[in-house]
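The values are calculated or read from the model by the stated rules, or taken from the named source; none is laboratory data. What you are looking at is a predicted structure, and each value in this text was computed from that prediction instead of being measured. Cβ sites come from the backbone with ideal geometry, for glycine too, and all protein chains shown count toward neighbours. In case anyone asks, the SASA skips ligands and DNA or RNA and just uses the protein heavy atoms, side chains included. Shrake-Rupley method; radii C 1.70, N 1.55, O 1.52, S 1.80 Å.
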Amino acid sequence: MSDPRGKKTHDDMWDSGTHGLITRIAVVAALAGLLFGFDTGVISGALDYIGDAFNLGDIGKSAVVSSVLLGAVVGSIVAMAIIDRIGRRRSLIASGAVFIVGSIASAVAPGVGALDIARLLLGVAIGISAVAAPMYITEIAPAARRGQLVSFFQLMITIGILVAYVNDEAFSSNGQWRWMLITGVAPAIVLLIGMRGLPESPRWFMLKGRDADARKVLEKVNPTEVESEMAEMRRGIDEEKTASFRELVQPVLRPALIVAVGLFIIQQFTGINTVIYYAPRIFKDAGFGAGSAAIWATVSVGVINVLATLGALALIDRVGRKPLLYTGLAGMAVSLSAIAVSSMLSSGGTITAADLVTVVAVWAFVAFFAISLGPIPWLMASELFPVGVRGKAASIATVVGWLGNLFISFTFLGLLDLIGKSATFFSYAAVAVLGLVFVWFLVPETKGRTLEEIEEGFIARAKARLKD
Ligand code: BGC
């Protein structure tokens, strides 16, 4: 809004030289995803050194891994509280500032308590930005590029994880875990500065009754469809005013909520993050040495994750979501069982055929995850719901995802001690089999359907069920 005294405010300033606005929005999406991946993945290579530095056992190590996830649960709840009040843009700027403070604090932490608190803070930043960034992108990008930009966010999560692994390897020769952690400051600074130069989302302007400002942003990003976008946003906002949390569990919306929440539960309870966060430990158990060798094996996991996600992006609109989910879940069930069996046969000494099977099975597991359960829950959370409840519904599904992630990451090392590696991985395989049943009976195919058609499908099914 222009200042009445004629002073230029931020909302006028972004206007100067905005040709590359969409590109800059994509860069912001990229940075938020990159930071998500980096700050969750970086711990894998740093954990052993942190454990040595502070004399930690399994519980202490699990706490270092999980504090970030607890923070993310808090962050996604905070996001819901601030995102409408201060706006998407300022929420992202706030998350950038918290990312910077958290990265510095974790790198200089004098003790494990301080490290846990610093990692919790980083988690809050991740939680806020994982809600705010996809929402900002969805609301500001032209319709034709929305899906692409949301998927781009998941791709950047995997690239962030890979960057974290390579960064860990670079500092592993002397066990410099503090340097591993400080690297996250750089993208956070770019996010903070980059966001300052971008406009607020037009939809937020409309929410605040600032239609003229909304129009100004739309004229830049989508000049040919300003009127239709304005009308659509107005309709969405009217619907949202009447939508409450209670409505989300009403018969008409409940099936969509079950699908979105269910997909996030399956995403986490098949154990992907035991591999993403604890990969060096798994490879070390398979005889691949400590420190650097195990971290290099971990880098290979990061590469496969990125490549398979690229494959998913190419296939998702062509073959559809359900075929990818069937292939992915079946492949995950088989590869998780292979990890379970091979670790039973591993001698724990020199590398045997069973250990090689473990490595290949871990690779296969990650690839099958990345073509299916990696991107699809994020995608479906944004496409299954009517626009009026989309924000709230997506945030509930995300919070459940973080809680699942927290549960699995915190219990993993303890489970290895308690029931052993085989039983642990067999139980993840069992979840993958249940996931197949879930997809078969409950998940609709959304490929090539408009958001309205998806919504009508759910309503028709719910009405048919109510009649029975
Ligand atoms: C999940 C993360 C996971 C990542 C791995 C994301 O979709 O939400 O928990 O670490 O994929 O690529």
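Using the 1.4 Å probe convention, the accessible area of the range 65-176 works out to 32 Å² per residue with neighbouring protein chains retained. By how many degrees, 0 to 90 and rounded to 10, does the Cα axis of helix 272-285 deviate from the longest principal axis of the chain? Its long axis makes an angle of about 20 degrees.
What are the trypsin sites (Lys or Arg not before Pro) within the range 163-209 that DSSP puts in a loop, where the Cβ has at most 16 other Cβ atoms within 10 Å?
Lys208
For Ile59 and Ser427, the FRET efficiency from 1/(1 + (r/R0)^6), where r spans their Cβ atoms and R0 equals 22 Å, is about 0.60.
Return one number: the angle in degrees, 0 to 90 and rounded to the nearest 10, between the long axis of the Cα atoms of helix 21-41 and the longest principal axis of the Cα atoms of the chain. Once rounded, one gets 30 degrees.
Packing, as the average of other Cβ atoms within 10 Å across residues, places the peptides 210-221, 296-307 in the order 296-307, 210-221, highest first.
Atom-type composition of the exposed protein surface of the chain places 68 percent of the accessible area on carbon and sulfur (1.4 angstrom probe). List the pairs from Lys392/Lys447; Lys322/Lys392; Lys220/Lys322 whose alpha-carbon separation is above 31 Å, in the order I gave them. Long pairs (Cα-Cα over 31 Å): Lys220/Lys322.
Using the Cβ of Val124 as centre and a radius below 14 Å, the other residues enclosed give a net charge of -1, where K and R count +1 and D and E count -1.
Give, rounded to the nearest 20 debye, the magnitude of the charge dipole that the chain has about its Cα centre when Lys and Arg contribute +1 at Cβ and Asp and Glu contribute -1 at Cβ.
Details: 39 positive and 36 negative charges, 125 e Å.
It comes to approximately 600 debye.
Between helix 226-242 and the chain there is an angle of about 70 degrees, using the helix long axis and the longest principal axis of the Cα atoms. For the peptides 36-47, 420-431, residues were scored by their other Cβ atoms within 10 Å and the scores averaged per peptide; the highest-first order is 36-47, 420-431. Per residue, the range 248-405 exposes an accessible area of 31 Å² to a 1.4 Å probe, with every protein chain left in place.
Considering helices alone, the calculated mean residue ellipticity of the chain at 222 nm is -26500 deg cm²/dmol, with DSSP H runs of length four and up weighted by -39500 (n - 2.57) and normalised per residue.
FRET efficiency for the Glu219 to Ile86 pair, using the beta carbon distance and R₀ = 25 Å, is estimated at 0.55.
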